[in-house]
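Structure first, then comments.
Read-outs: derived from the displayed coordinates by stated rules, not from any lab. Since the model is a prediction, treat every value here as computed from it, not as a measurement. Methodologically, a virtual Cβ is constructed for each residue, glycine included, from the backbone with ideal geometry; neighbour enumeration extends over all protein chains shown.
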Amino acid sequence: MRGIVSRVRGRPQPFANHSQILTAAAQLKERGGQIDYLLLNAGMMGSATLTRTKEGIELAAAASLVGHHVLTMQLLDDALLSPKAHIVISGSEAARGDVPMMTLTDVPEFADKHTGGDRVAAVVKMLKGEEPYVYANTPNYAHQSAWSTPISTILPARKPLGRHWCS
């Protein structure tokens, strides 16, 4: 991967830290030019114990979901994606919910039971690993992959016309 990254003049970034993401986007803006291809890997196995960012989000979800969203939105806001840019969000088979030990939480059911039916509040609890959600790293990985699908349907609404979108 380093060969590919260096060949396209990109660099891996610590996507769990919002200030570092915004700094990276600012550096890209200063460098000039536009991005033709943005590959976001939506799914990262978290640690066995719950670890949160300073924003209170579970570390793996912060890096592979929230961080990618923050970066992409900043790139769009700064017009850093070329007119022919491709944005690809990759996930995993775990998103299907049928991989052993990677079962998906039924969000509507969880919301009905714990947040008065508020699905957004339910997902926030899951992203943060807050009670009554019980954090486990393998199902958390599956959630990240599954949640990349709705994110990939939200982002095109912000993406300028004429640009390609893949997920």
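Quick one: order LEU104, LEU40 by neighbouring beta-carbon count within 10 Å, fewest to most.
Values: LEU104 17, LEU40 22.
The fewest-first ordering by Cβ neighbours comes to LEU104, LEU40.
Calculate the tail of P(r) for segment 17-61: the fraction of all Cα-Cα distances greater than 13 Å, expressed in %. Walk me through the numbers on the way to the answer.
Values: 681 of 990 pairs.
Roughly 69 percent, rounded to a whole number.
Using the Kirkwood formula on the Cα atoms of segment 82-146, what hydrodynamic radius do you get, in angstrom to one decimal?
It is 12.9 Å.
Counting Lys and Arg as +1 and Asp and Glu as -1, what is the net charge of the other residues whose Cβ lies under 15 Å from the Cβ of LEU127?
Combined, the nearby Lys, Arg, Asp and Glu give 0.
Just the ratio, please: alpha-carbon radius of gyration of segment 17-125 over 2.2 N^0.38 Å, N its number of residues.
1.28
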